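Here is the structure we will look at.
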Amino acid sequence: MTNFQKQLFQADQFDTALATASDSLPLFKAALSDAANLIEQAYYDGTPVAEIVCGRAWMIDQLLERAWSQHQLTSEKSLCLVAVGGYGRSELHPGSDIDLLILFRNKLSAQTEQHLSAFITFLWDLGLDIGHSVRSEAECIQQAEADITIATNLIESRLLCGEHSLYDDLITQTGSQQIWSSEEFFRAKLTEQIERHHKYSDTAYHLEPNVKTSPGGLRDIQMIGWVAKRHFGAQNLHELVEQDFLTEAEYQLLMEGQDFLWRVRLGLHLLANRKEDRLLFDFQRQLARHFGFHDTDMALAVEAFMKRYFCTVMELEQLNEMLLQHFEEAILLAKSEKQPITVNARFKNNSGYLEAHDADVFKRHPFALLEIFLLLQQNPFLKGVRASTIRLIRQHRHLIDDSFRANLGNRSLFMEIVRQPRGITHEFRRMNKYGILGRYLPNFGQIVGQTQHDLFHIYTVDQHTLFLVRNLRRFFIQEHADELPLCSQVAEKIAKPHLLYLAGLFHDIAKGRGGDHSQLGATDALNFCINHGLSRYDARLVAWLVEYHLLMSMTAQRKDISDPEVIHEFAHKIGDHTHLNNLYLLTVADIRATNPKLWNSWREALLADLYRSTRAALRRGLEHPIDRNELIETCQQEVRMLLAAHQISNDVIDNFFEQTDDEYFFRYSVSEIAWQIQCLVKQKSPLEPLVQVRSCTERGGTEVFVHDESGEHRFAAITTALEKMGLNIVDARIITTHTNRTLDTYIILELNGEPIENSDRLAQIEKELTQVMRENSAPDPDINRSTPRVLKQFPIPTHISFSYDDSNNRTVLEIIAADRPGLLARIAHVFMQLGIRLQNAKITTLGERVEDVFFITDDNNSPLSNQQQCARLQEAIINSLESSQG
């Protein structure tokens, strides 16, 4: 008994009090309460976490044994109480379930059932989180045969009270000689782990990872222990060292990793005051402080803490993979192994896995640390790397030093990996997992496990980078051509895909260093390319892509790309088709690799529109910018041609054109103008409000067209109504005709980022907006929808800036703020109160943060002319948004 256990439960004092207590429940509750307080104090005082976790299990043992005896169950024959699950391993965190099996040999008597019922009720009254089952020995055997989970629970069970022989019989009857042979057990548990990892997209790198069940989490360590017990009869993981499945250093890494995850999990349970295995934003900052991290100029404390977490689970994931590979070789392949086939002088194919010829291969030939990945690319029939060789790679990766990186042969090998027509995604991932990629590219090693504490970047920087390279690679694979057809078409124009892969590899490599990561990364990329034998042109192209990898997305999301001058300016920055094609693919791949929820049909259409407009500008020649009059004339001619098929006369069309300004033809496409005219022609009462909705338009979202008498509250009324319906507005275009009628469109999406396709939902939008227009009253901007939990963890101060768009004679208002329900409705309400007219809006939500751009004028259609006007608008917006956060 340890000193900590003695403090947790003073048996003599408890037993003395129990002997004279008329009601034992308060005594048991007091013992639990005292232990809980001591555990919390011990955790924050730095007591080794293993002592706490095992100590709590021991303390619960003491209480259960006494409760069992108190309920007259000790004298019962052919009955026992068994700890299973984590409790069976003698591991209990403060909020963990206490899993129990009440085992009996024959039918229970009525009196025994009554005593057991009172026992279980007593445990519930104590407030213990009990998970229990009452089964006969035969039922246990039958269910263990049918369910691998039950069989696993019995493997790590232990007897608490009752008949030893009954428990021993059960363990014998459910052993590997009777049910679930070692081979069957391993296959089932491996399948179980694969399915569990799939639920997390096969990565531990999530914003709020599960400490227990995510890849690299505690369950992966338990998986190793289950197989070791079942096949080798090992009572603890250290016995795997004695059987040469683990080295002592690897065992220490495994234990250190478990200790760290236990500390995190125990902290989560204490902070949440319940079982909570998700590393929620609510607790990340507090845990970072407890683990001794502090904010610095380079990183937040919480980012440093999460990097420690992700580096730990990455190491555990590697050990898990290596050990399971060892187990597969020992359990499944040992009887069927064929004679290894020589691949080259350094490696052989052993049952489909690449294996080093001997333990000194990497010592004699350090270049083989890269060659092995090239061989896996060139031999697709190989399933992976032999466990013993994974260990050799880990043991020799220190050989990748400055002299290794300077070696021309090694540089050529790395470039061969990048240039291969297949396997680059898998091998970059494998190189990162085995620690080779970060060794060969030390700056890449610095971003391994690095996080950004926000809702926008949901992966670590290294994982995001590898996802980006995967996305790029898919553009060049024919079987994925239907995913993003335009990207696949553009990819066919790329002569050197490996340059794009390198740009992807380096685009975020300088994050966390301070300064502009795009510029710093461009310098790294240029030096790398020159040192690896690329031409000056190719090297400069890669560096340019890294430096300007955000240019296209920023232009699409923050500027009015319907403006020909914006397109001409952007085309000037791009320069030629080669840079445009590469940047477009890099931009799409980057956004999709940042956050799967970020990519939607609207962003796809937005980027495609910018790409096509820029391509047209480059074809026309930068010295020949588009003539605005020519553009308008061409647009009008194409509209007439489209509408001729609908028997709409030129007189009707020309009359419509006469009511609009030139700006109208820049803001809407030919098909959009034709659709609007058709809607107006079909309108039965021209003076009545008209609302038309169509799904999946060329702009990638559901389009709402509103035609009504112009009014100062129209924008506020519509945005409020749409947000109350639970819809996201991503784009707004506001046009007023010479007859003071609106030609406004809104691009909307469901909250999940998808266009609205359900006909009933579309009809509801039309009906409710029409009613809003008819009421013709000022809206209430309050949206009765609570702010999601995660958004509350990211308080972002509202930042407002103004600039002047001289070519269009208007003010550009940019707002950066914390996302919340009803934000756009409140901004629109301020516009209404101050007489601000909106021409165009670009609405962008990036996780917890919104970056909205509004193109505005005053009520005389002039830009805001003085600082006083801007200051008044800024103050009103900030006050409105702050009041919405309560």
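The values are calculated or read from the model by the stated rules, or taken from the named source; none is laboratory data. Please read all numbers here as calculations on a predicted model, not as lab measurements. With ideal geometry, Cβ positions are generated from the backbone for all residues, glycine too; neighbour counts draw on all protein chains shown. Side chains are part of the model used for accessible areas, which takes the heavy atoms of the whole protein and leaves out ligands, DNA and RNA. Shrake-Rupley method; radii C 1.70, N 1.55, O 1.52, S 1.80 Å.
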Check your understanding: Are any of the residues in region 127-136 under 26 Å from D15 (Cα atoms) and assigned to a helix (DSSP H, G or I)?
Key -> no
Review point. Are any of the residues in region 619-629 at pLDDT 90 or above and open to solvent by less than 60 Å² (accessible area, probe 1.4 Å)?
Key: no
Revision key, fill the gap. Note on S176: of the conditions (1) at pLDDT below 90; (2) among the hydroxyl-bearing types (S, T, Y); (3) surrounded by fewer than 16 Cβ atoms within 10 Å (Cβ to Cβ); (4) over 27 Å from G449 (Cβ atoms), unmet is (3)
Exercise for review: Please work out if T720 is within 27 Å of F657 (Cα to Cα) and either open to solvent by less than 10 Å² (accessible area, probe 1.4 Å) or of a type outside the set (G, A, S) (or both).
Suggested key: no
Practice item. Select from region 223-238 the residues that are open to solvent by 10 Å² or more (accessible area, probe 1.4 Å) and touching a residue at least 40 places away in the same chain (Cβ under 8 Å) and write down the one among them that is nearest to M306 (Cα to Cα). Key: G225
Review point. Can you tell which of A522, A503, A510 is touching a His at 6+ places or on another chain (Cβ under 6 Å) and either hydroxyl-bearing (S, T, Y) or within 20 Å of L550 (Cα to Cα) (or both)?
Key: A510
Practice item. For region 228-237, indicate whether the set of residues that are modelled with pLDDT under 95 and basic (K, R) is non-empty. Key: yes
Check your understanding: Has region 613-635 got any residue that is in contact with a Gly (Cβ under 6 Å, 6 or more places away or on another chain) and of a type in the set (D, E, K, R)?
Key -> no
Review point. So which residues in region 592-618 are of a type outside the set (S, T, N, Q) and outside any helix (DSSP H, G or I), if there are any at all?
Key: P596, K597, L598, W599
Revision key, fill the gap. Within region 340-366, the count of residues that are touching a Pro at 6+ places or on another chain (Cβ under 6 Å) and either aromatic (F, W, Y) or touching a residue at least 40 places away in the same chain (Cβ under 8 Å) (or both) comes to 0
Revision key, fill the gap. Selection from region 639-654 of residues farther than 27 Å from N809 by Cβ and either assigned to a helix (DSSP H, G or I) or of a type in the set (A, V, I, L, M) (or both) yields R640, M641, L642, L643, A644, A645, I648, N650, D651, V652, I653
Check your understanding: Any residue in region 88-111 that is in a helix (DSSP H, G or I), more than 37 Å from the chain's Cα centre (by Cα), over 30 Å from V49 (Cα atoms) and without any contact (Cβ under 8 Å) to a residue 24 or more places away in the chain?
Key -> yes
Check your understanding: Picking from V264, V241, which residue would you name as being touching a residue at least 12 places away in the same chain (Cβ under 8 Å) and open to solvent by less than 60 Å² (accessible area, probe 1.4 Å)?
Key -> V264
Exercise for review: Look at T634 and say whether it is polar (S, T, N, Q) and open to solvent by less than 20 Å² (accessible area, probe 1.4 Å).
Suggested key: no
**Study point:** Residue that is under 23 Å from H464 (Cβ atoms), among the charged types (D, E, K, R) and surrounded by fewer than 19 Cβ atoms within 10 Å (Cβ to Cβ), where the choices are K363, K433, K383
**Key:** K433
Study note, to complete from the structure: Reported set for region 164-216 where residues are within 21 Å of H231 (Cβ to Cβ), in a helix (DSSP H, G or I) and of a type in the set (A, V, I, L, M) is L170, I171, A188, L190, I194
Practice item. Mind counting the residues in region 803-822 that are under 19 Å from A871 (Cβ atoms) and free of Cβ contacts under 8 Å to residues at least 24 places away in the same chain? Key: 1
Exercise for review: Please list, ordered by first then second residue, the pairs with beta carbon atoms under 7 Å, 6 or more apart or interchain, first in region 824-842 and free of Cβ contacts under 8 Å to residues at least 40 places away in the same chain, second open to solvent by less than 10 Å² (accessible area, probe 1.4 Å).
Suggested key: I836/I856; I836/L873
Review point. Is it true that A57 is under 26 Å from H290 (Cα atoms), touching a residue at least 12 places away in the same chain (Cβ under 8 Å) and crowded, with 16+ Cβ neighbours inside 10 Å?
Key: yes
Study note, to complete from the structure: Filter region 387-404 for residues that are small (G, A, S) and surrounded by fewer than 20 Cβ atoms within 10 Å (Cβ to Cβ); the one that is farthest from H357 (Cα to Cα) is S403
Revision key, fill the gap. Within region 3-25, the residues that are open to solvent by 60 Å² or more (accessible area, probe 1.4 Å) and under 46 Å from the mean Cα position of the chain (by Cα) are N3, K6, Q7
Review point. Which residues, counting only those in region 179-224, are small (G, A, S) and farther than 15 Å from T149 by Cβ?
Key: S181, S182, S201, A204, S214, G216, G217
Practice item. Search region 464-507 for residues being open to solvent by less than 50 Å² (accessible area, probe 1.4 Å) and without any contact (Cβ under 8 Å) to a residue 24 or more places away in the chain, and hand back the single one that is nearest to F428 (Cα to Cα). Key: I477
Check your understanding: Do we find that R540 is open to solvent by 50 Å² or more (accessible area, probe 1.4 Å), without any contact (Cβ under 8 Å) to a residue 24 or more places away in the chain and not aliphatic (A, V, I, L, M) in this structure?
Key -> yes
Exercise for review: Among the residues of region 600-647, write down those that are under 21 Å from M554 (Cβ atoms) and either more than 45 Å from the chain's Cα centre (by Cα) or of a type in the set (D, E, K, R) (or both).
Suggested key: R603, E604, D609, R612, R615
Check your understanding: Do you know which of the residues in region 675-700 that are of a type in the set (A, V, I, L, M) and in contact with a helix residue (DSSP H, G or I) (Cβ under 9 Å, 6 or more places away or on another chain) is most open to solvent (accessible area, probe 1.4 Å)?
Key -> V681
Study note, to complete from the structure: Sole miss for L123 among (1) outside any loop (DSSP other than H, G, I, E, B); (2) over 20 Å from E163 (Cβ atoms); (3) at pLDDT below 95 is condition (3)
Check your understanding: Considering region 140-156 alone, what residues qualify as being of a type in the set (D, E) and either part of a helix (DSSP H, G or I) or crowded, with 19+ Cβ neighbours inside 10 Å (or both)?
Key -> E145, E156
Check your understanding: Looking at region 837-854, which of its residues are open to solvent by 10 Å² or more (accessible area, probe 1.4 Å) and not β-branched (V, I, T)?
Key -> R837, L838, Q839, L846, G847, E848, R849, E851
Revision key, fill the gap. If we keep only residues of region 495-540 that are aliphatic (A, V, I, L, M), assigned to a helix (DSSP H, G or I) and over 23 Å from L580 (Cβ atoms), then the residue nearest to the chain's Cα centre (by Cα) is L520
